[in-house]
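The values are calculated or read from the model by the stated rules, or taken from the named source; none is laboratory data. The structure displayed is predicted, hence computed values, not measured ones. All Cβ positions, glycine included, derive from the backbone under ideal geometry; neighbour counts span all protein chains shown. To get the accessible areas, we keep the full protein, side chains included, count just its heavy atoms, and leave off ligands, DNA and RNA. Shrake-Rupley method; radii C 1.70, N 1.55, O 1.52, S 1.80 Å.
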Amino acid sequence: MHLSSLCIDSFRNIEKQHFQFNSEKNYFFGDNAQGKTNLLEAIYLLCLCKSFRSAVDQEMIQMGKEEYKLNGRFMDAQNIEHEVLFHYGQREGKHISLDGKPIYQYSSLVGQFPVVILSVADYDITHGPPQQRRRFINILSSQCSPRYLSDLKEYERIVKQRNKVLGSIQSGKRYAESELEVWDEQLLQKGAAVIMFRHQIVVELNQLIQNYYRIIAWGSPDIFSVTYQPRIDILHPGDVVDQFRMALQRSHKLEKMRGMTLVGPHRDDFVFKIGERPLRNYGSRGEHKSALISLKAAEATLLRQRLQVSPLLLLDDLYAELDRIRGEKVMDIFSDGSQCFITATSFDYAALQTTQAINDQKTQFFVKQGIFTLKNNGS
Amino acid sequence: MRYSSETVERAVHELSKLPGIGRKSAQRLVFFLLKRPAEDVKILAQALLDLHEKVKYCSICYNITEQDPCHICSDVHRDQSLICVVEEANDVVALEKTGEFKGLYHVLGGAMSPLDGIGPDNLKMRELLTRLTGQVHEIILATNPNTEGEATALYLVKLLRPLELKLTRIARGIPIGADIEYADEITLSRAIEGRVTL
């Protein structure tokens, strides 16, 4: 699958622009704060209906304008064209359509045009708090399985309802105790489904990241790994509901005191290690970047394997913090049939001129103050 | 914008309180009504007044009705041993349209949702218990197949289990007449989960 063209109107600092993209690699060079990431954000919005940066649509409208429009044409694996229209206006709100038909449930679009983003904010996956790791796993899993997304949304709703009941109990309303049980049962069923899917995804991810890390961090004898750490024993996957039930019973007393749900997948964590060292505490900045690149390459491969469709790869500021050798090798691990959108600084551009990889690429754009121009290199 | 007529202003204000009606739509409705013959508007006003004067809840099943007990509860030809529990009066209308169900109903008046401040005490659950004399043999739980409807069904199961009645839950799956290829993935995967042996 690839994005063949894109029209942007009044989105962040991009006034009006029409793009024809290369089905393999598209480079965007420019100084800082010129609009490179804004372009990636627009593409991401078309794929997942939400931004990887701020969640506020209002902020994405160009200064002084009242609405923004995005129009993307995707070519699927069977060479059939699909048009996604994304329109947000201050008054009208958000309207999305696929092939001319309005989409009311944005979740139905998730997974149709799979996408992987690598951006500065993703350092938080290996570096930040657990919620960033859950977010990463949730976006990946939701693109793999609509059922996962539906289970997760229901689970989150149940947690909210249950927390309200626990809050009533905490504030002394004893009658609420009789209500707790009915939310418990649903929490267990949906929670167990989420846990089991996450477990499976992490197993698959783990095999892939080791391989990619070996390529990007060549010469390093260490193995990069990820382990799932649910607060529930899942050694015997058939018994997840029972294990969850026991964990819930153990924490009931504490939950009533604190007024919130304390066990379950909404509090899961995932541990990344290089060799025996937990990356979060001990990794250098460069190691984090190598780990992140392996993780994103693995995410793309996993999506490709499960969906039989190559995802779009949005690689923001790809070359930052990579040394010369890693910089030269990095595109090798992403060249697996996926269409890539790579942003890099003017500084990287100069460095890349000496490598063969960049000179083979036909589609290079230069960005200045929101205006993208195609490099005419005569090839 | 304010109108020179206080009456118009008040009508717009009242109409805009209705669900799905914003101020703009309310204005359009008011100007439409202003242009209608007075007689038509009177009929509408009377219909609205009657809603509160004539319509009440059945003291047995809590469906909306003009006579108490409602025509379903007072129909001796209906199967008195079967009660179908639903969330809203609308659900009764839907089930009645099928013409298949010959038992009685019980309208809860909503579903449990702590976030909206609705607990068992806000629903007609105790009233259901008082109906369960020796005559009733089966209760069908027909609350919606969503988080809140499921919780309500589970709560009722807990409540009714000791009474040793037959408790059933409506099935969920692919709509009749629909093609499998057009069903959404979630419905389809649940339908496979809930498959039956032939």
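Scanning the stretch A:230-257 for residues that are under 29 Å from the mean Cα position of the chain (by Cα), charged (D, E, K, R) and exposed (fewer than 15 other Cβ atoms within 10 Å of the Cβ) yields one hit, A:233. Take the conditions in a loop (DSSP other than H, G, I, E, B), over 24 Å from residue A:265 (Cβ atoms) and at pLDDT 95 or above and apply them to residue A:74. Does it pass? Here the answer is no, as residue A:74 does not meet what is asked. If the condition is being open to solvent by 20 Å² or more (accessible area, probe 1.4 Å) and of a type in the set (Phe, Trp, Tyr), then the stretch B:72-118 contributes only B:101. Could you say whether any residue in the stretch A:82-96 is among the basic types (Lys, Arg) and more than 24 Å from residue A:118 (Cα to Cα)? Within the stretch A:82-96, one or more residues are among the basic types (Lys, Arg) and more than 24 Å from residue A:118 (Cα to Cα). Selection of the stretch A:1-14 for residues being closer than 13 Å to residue A:367 by Cα and either in contact with a Pro (Cβ under 8 Å, 6 or more places away or on another chain) or not in a loop (DSSP other than H, G, I, E, B) (or both) yields only A:14. When residues in the stretch B:129-149 are screened for being touching a helix residue (DSSP H, G or I) at 6+ places or on another chain (Cβ under 6 Å) and at the interface with another protein chain (Cβ under 8 Å from one of its Cβ atoms), 1 of them pass.
Quick one: which helices (runs of 4 or more DSSP H) sit completely within the stretch A:258-363 and have at least 1 residues that are open to solvent by less than 20 Å² (accessible area, probe 1.4 Å) and farther than 30 Å from residue A:192 by Cβ? Talk me through it step by step, then tell me what you get.
Working: elements: A:279-282, A:285-307, A:324-334, A:346-352, A:356-359.
Of the helices (runs of 4 or more DSSP H) lying wholly inside the stretch A:258-363, those with at least 1 residues that are open to solvent by less than 20 Å² (accessible area, probe 1.4 Å) and farther than 30 Å from residue A:192 by Cβ span A:285-307, A:324-334, A:346-352, A:356-359.
Filtered by the rule that a residue be more than 14 Å from every other protein chain (Cβ to nearest Cβ) and part of a loop (DSSP other than H, G, I, E, B), the stretch A:123-168 gives A:128, A:129. Name the residue, out of A:101, A:94, A:69, that is at pLDDT 90 or above, surrounded by fewer than 18 Cβ atoms within 10 Å (Cβ to Cβ), over 27 Å from residue A:339 (Cα atoms) and of a type outside the set (Gly, Ala, Ser). It is A:94. Here residue B:172 clears all of (1) over 26 Å from residue A:163 (Cα atoms); (2) more than 14 Å from every other protein chain (Cβ to nearest Cβ); (3) open to solvent by 10 Å² or more (accessible area, probe 1.4 Å) except the condition numbered (2).
With the requirement that a residue be part of a loop (DSSP other than H, G, I, E, B) and either in contact (Cβ under 8 Å) with a residue 12 or more places away in the chain or open to solvent by less than 10 Å² (accessible area, probe 1.4 Å) (or both), what does the stretch A:15-57 give you? Can you show your working first?
Here is the first cut: in the stretch A:15-57, the residues part of a loop (DSSP other than H, G, I, E, B) are A:21-24, A:31-35, A:49-56.
Correct list: A:21, A:22, A:23, A:24, A:31, A:32, A:34, A:35, A:49, A:50, A:52, A:53.
For the stretch B:125-139, the set of residues classified as closer than 21 Å to residue B:65 by Cβ and buried (at least 18 other Cβ atoms within 10 Å of the Cβ) consists of B:125, B:128, B:136, listed by residue number. Pull up the stretch A:105-122, narrow it to residues that are part of a helix (DSSP H, G or I) and of a type in the set (S, T, N, Q), then point me to the one that is most open to solvent (accessible area, probe 1.4 Å). The selected residue is A:108. Being free of Cβ contacts under 8 Å to residues at least 40 places away in the same chain, over 30 Å from residue A:109 (Cα atoms) and away from every other protein chain (no Cβ under 14 Å) is true for just one of B:198, B:160. Which residue is that? Answer to the check: B:198. Taking into account only those residues within the stretch A:169-209 that are buried (at least 20 other Cβ atoms within 10 Å of the Cβ) and without any contact (Cβ under 8 Å) to a residue 12 or more places away in the chain, which is nearest to the other protein chains (Cβ to nearest Cβ)? Ranking the qualifying residues of the stretch A:169-209, first place goes to A:182.
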